[in-house]
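To start, the structure under review is shown below, and the notes come after it.
Read the figures in this text as sums done on the coordinates, not as results from a lab. Computed from a predicted model, the values in this text were never measured in an experiment. Heads up, the Cβs are rebuilt from the backbone with ideal geometry, glycines too, and the neighbour counts pull from every protein chain shown.
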Amino acid sequence: MASVTKRIITSIGITGAASMLIIAPSSPAHTASSTVTALAPAAQASHAHAGNDTAKAAHRKVVWKRRSGCTWVFESSHTGAFTKKVQGGCTGHSWLYVQTTTGWKSGWIHDRNHAGFSIHSYSKEQRKRMGQVKFTWHKTKRNETAQLISH
């Protein structure tokens, strides 16, 4: 699993992969028919890359999920989130739901391979009203229990 995870991280261009640790999922209810691995930054200060904002990197969370021969990545930070199929040809779409610190909710966003949300796509006034991303829910098909990522 470690070599597969490292290969996938490299293939989608996530930097700092060597400074992440694998953490077991907190709730088995979300993993009934799949394997989920959460990744969290570790010792970011000692592994900071040139131009990398360590404070922002510390708040980014990544979860990997395997289902029916496909691999999905769920990523969330204070400014955005996405759900993306990164490997395989299984059925299902990328689903994403976002709630911000002010209570603003996106509703379900979905697409065949990649569903994304960014605070930066809104005007400065809208961003002030929205606040930062606080919770994101990710899933790989409509009738699946969503995986929660909180900040």
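Arranged from highest to lowest average of other beta-carbon atoms within 10 Å per residue, in what order do the peptides 93-105, 123-135 appear?
Packing proxy ranking, top to bottom: 93-105, 123-135.
With a point put 7 Å past each Cα toward its Cβ, work out how far residue 110 is from residue 129 in nm, to one decimal.
2.8
What nm distance separates the two modelled labels at residue 90 and residue 118, each placed 7 Å from Cα along Cα→Cβ?
Distance between the two pseudo-spin positions: 2.8 nm.
At 7 Å along Cα-to-Cβ for each site, give me the label-to-label distance between residue 151 and residue 59 in nm.
About 0.5 nm separates the two model spin labels.
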